[in-house]
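Taking it in order: structure first as structure tokens, then the write-up.
The values are calculated or read from the model by the stated rules, or taken from the named source; none is laboratory data. Since the model is a prediction, treat every value here as computed from it, not as a measurement. Counting neighbours? That spans all protein chains shown, and the Cβs are built from the backbone with ideal geometry, glycine included.
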Amino acid sequence: MTAATDELLTVPEVMIRLKLGRSTIYDLIRSRRLVSIKVGRARRIPRSSLRDFIADQIAEAA
């Protein structure tokens, strides 16, 4: 795996990391709370976007 592909996560990888279901991840993407890009027909979430999402959730909970 190259450094560039290591920075892009698949929806199933994000599901595992957040312990959330597929529809919830797509809802977060649709609501723009989780930034994603399309590569061809595939949806990818930058690792930095996931980190930002988690940090925002922690800040909201505090």
Within segment 45-62, which residues are surrounded by 10 or more Cβ atoms within 10 Å (Cβ to Cβ), in a helix (DSSP H, G or I) and of a type outside the set (Lys, Arg)? SER48, SER49, LEU50, ASP52, PHE53, ILE54, ALA55, ASP56, GLN57
Selected residue (only one of SER23, SER36, SER49 is in contact with a strand residue (DSSP E or B) (Cβ under 6 Å, 6 or more places away or on another chain) and of a type in the set (Gly, Ala, Ser)): SER36
Members of segment 23-42 that are in contact with a helix residue (DSSP H, G or I) (Cβ under 6 Å, 6 or more places away or on another chain) and either modelled with pLDDT under 95 or not small (Gly, Ala, Ser) (or both): ILE25, LEU34, VAL35
Just to be sure, is LEU20 in a helix (DSSP H, G or I), among the aliphatic types (A, V, I, L, M) and more than 8 Å from the chain's Cα centre (by Cα)? no
Every residue from segment 21-62 that is aliphatic (A, V, I, L, M) and closer than 14 Å to GLU7 by Cα: VAL35, ILE37, VAL39, ILE45, LEU50
What tally of residues in segment 25-44 results from selecting those that are loosely packed, with under 14 Cβ neighbours inside 10 Å and in a helix (DSSP H, G or I)? 2
